[in-house]
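Worksheet for the structure shown next.
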Amino acid sequence: LFLATLTYDTLRFEYEDFPETKEPVWILGRKYSVFTEKEEILLDVTSRLWFTYRKNFPAIGGTGPTSDTGWGCMLRCGQMIFAQALVCRHLGRDWRWIKGKRQMDNYFNVLNAFIDKKDSYYSIHQIAQMGVGEGKSIGQWYGPNTVAQVLKKLATFDTWSSLAVHIAMDNTVVMEEIRRLCQSNFPCAGAAACPAVESDVLYNGYPEEAGVRDRLSLWKPLVLLIPLRLGLTEINEAYIETLKHCFMMPQSLGVIGGKPNSAHYFIGYVGEELIYLDPHTTQPAVEPNDSGCLPDESFHCQHPPCRMSIAELDPSIAVGFFCNTEEDFSDWCQQIKKLSLVRGALPMFELVERQPSHFSNPDVLNLTPDSSDADRLERFFDSEDEDFEILSL
């Protein structure tokens with residue numbers, strides 16, 4: 001069944017599947033009531049970019065696979081969490097996709113960055129091939145940390161978005177490191193570092209004003225990804241309340257993770273259930289039509305979102321946040337500090353001002369001795385991913 005062709009009428013009929021509950025529904029930092037805002041919930045979910053398995057795309061590396069069915073689910077989830085960052089960056093959190101309505105150019109610029117072809121910034125081709133240099137053969141499963149590390153490397157080529165991507169390792173977010181990264185493009189060291197504003201250069205085919213504007217800003221928009229392990233073989237209940245709070249923050253990009261060997265992109269929760277987009281549907285690869293337009297309906301999940309019990313979540317996840325401005329980041333830090341005071345909520349990670357002394361340098365991860373047993377467990381996707389290797393540029 002090709003669900004992406006469902007109409008809104010069909011949706012209204014099927015949407016009763018969503019629980020009739022007084023509990024609020026949280027979707028990426030927005031709070032909804034099932035009783036009064038069902039349509040709004042659905043529209044918010046449908047507006048997220050939904051990436052699934054595809055078939056009949058150009059062969060990866062020229063001679064590799066032409067479909068990612070069976071192996072690309074975590075790569076697709078990585079695309080979804082990163083696409084949400086780009087949507088926030090270029091369209092805003094309030095942007096909505098409405099079927100049949102003409103969308104702005106920036107929407108297609110974002111979508112084109114993920115299309116299944118070798119020259120899209122974040123295509124399955126780029127993610128799979130960037131992983132080869134890190135010991136992942138094409139067609140091999142990734143864990144949440146590996147896909148985060150690969151996306152960080154790919155983002156350096158995306159001058160249009162000009163993102164600062166930080167992956168917080170060892171369950172520790174170092175504020176000083178993030179500020180240094182986000183302010184790294186200012187002030188200019190000299191004329192050579194800042195091309196003239198009247199330069200005719202196109203930034204990877206995108207309007208030059210984008211590059212000029214970002215060079216003059218004081219803060220690069222931040223994508224913060226935090227790989228975590230919330231238990232040994234199953235999620236420790238003590239983390240559940242904190243995990244829920246992550247979906248309540250306006251900076252939320254959601255969570256990538258899933259059940260063992262099955263990755264999902266979690267965008268919210270209701271009661272004790274997580275709400276997620278599922279990449280495990282194989283659709284044909286999409287190409288621009290004769291007029292050059294990209295048919296985009298299959299990139300939006302037009303049926304009620306999937307749900308699963310939080311207790312079923314595999315303990316290996318990566319949590320994402322987007323801070324467009326320095327104020328957003330400061331606000332996020334305040335919320336994390338307040339969260340540590342919530343009763344019954346065990347912190348999932350530590351927020352510190354400076355690098356702890358047990359870090360020899362930001363590019364080296366020192367695992368504590370007592371974590372070795374957990375790291376040897378052959379869990380989510382691939383055991384080597386749980387070593388949380390650092391991939392340096």
Selection from region 302-341 of residues touching a strand residue (DSSP E or B) at 6+ places or on another chain (Cβ under 9 Å), among the polar types (S, T, N, Q) and not in a loop (DSSP other than H, G, I, E, B) yields Ser309, Ser316, Ser330
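For every residue, the table says whether it meets (1) of a type in the set (Ser, Thr, Tyr); (2) more than 23 Å from Arg54 (Cβ to Cβ); (3) in contact with a Lys or Arg (Cβ under 8 Å, 6 or more places away or on another chain); (4) free of Cβ contacts under 8 Å to residues at least 40 places away in the same chain.
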site	(1), (2), (3), (4)
Gly70	no, no, no, yes
Arg76	no, no, no, no
Ala85	no, no, no, no
Arg89	no, yes, no, no
Trp95	no, yes, no, no
Arg102	no, yes, no, yes
Touching a Leu at 6+ places or on another chain (Cβ under 7 Å), of a type in the set (D, E, K, R) and modelled with pLDDT under 95: does that describe Asp382?
-> no
Given (1) touching a Gly at 6+ places or on another chain (Cβ under 8 Å); (2) over 20 Å from Ile256 (Cβ atoms), index of the condition Thr63 fails | (1)
Please enumerate the residues belonging to region 282-301 that are part of a loop (DSSP other than H, G, I, E, B) and closer than 30 Å to Ile235 by Cβ.
-> His300, Cys301
Determine whether Ser262 is surrounded by fewer than 17 Cβ atoms within 10 Å (Cβ to Cβ), touching a Cys at 6+ places or on another chain (Cβ under 9 Å) and more than 26 Å from Lys31 (Cβ to Cβ).
-> yes
Given the conditions (1) of a type outside the set (Val, Ile, Thr); (2) surrounded by 19 or more Cβ atoms within 10 Å (Cβ to Cβ); (3) closer than 30 Å to Glu241 by Cβ, and given that Arg54 satisfies all but one, which numbered condition is not satisfied?
-> (3)
Being open to solvent by 60 Å² or more (accessible area, probe 1.4 Å) and in a helix (DSSP H, G or I), is that true of even one residue in region 92-107?
-> yes
When you look at Pro65, is it more than 26 Å from Val319 (Cβ to Cβ) and surrounded by fewer than 20 Cβ atoms within 10 Å (Cβ to Cβ), yes or no?
-> yes
Whichever residue in region 146-178 is assigned to a helix (DSSP H, G or I) and more than 25 Å from Val132 (Cβ to Cβ) and, among such residues, is most open to solvent (accessible area, probe 1.4 Å) | Glu176
Residues of region 286-305 classified as surrounded by fewer than 16 Cβ atoms within 10 Å (Cβ to Cβ) and at pLDDT below 90, total = 8
In the set Leu253, Leu181, which member is open to solvent by 40 Å² or more (accessible area, probe 1.4 Å) and modelled with pLDDT of 50 or more?
-> Leu181
Before we move on, is Ile60 open to solvent by less than 10 Å² (accessible area, probe 1.4 Å), more than 16 Å from the chain's Cα centre (by Cα) and over 27 Å from Asp328 (Cα atoms)?
-> yes
Does Leu111 fit the bill of being at pLDDT 95 or above and within 19 Å of Ile226 (Cβ to Cβ)?
-> no
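Does Gly231 qualify as being modelled with pLDDT under 95 and buried (at least 23 other Cβ atoms within 10 Å of the Cβ)?
no
The values are calculated or read from the model by the stated rules, or taken from the named source; none is laboratory data. Predicted, not measured: the structure shown is a model, and the values here were computed from it. Here the Cβ is made from the backbone with ideal geometry for all residues, glycine too, and neighbour counts use every protein chain on show. These area figures cover heavy atoms from the full protein model, side chains too; ligands, DNA and RNA do not enter into them. Shrake-Rupley method; radii C 1.70, N 1.55, O 1.52, S 1.80 Å.
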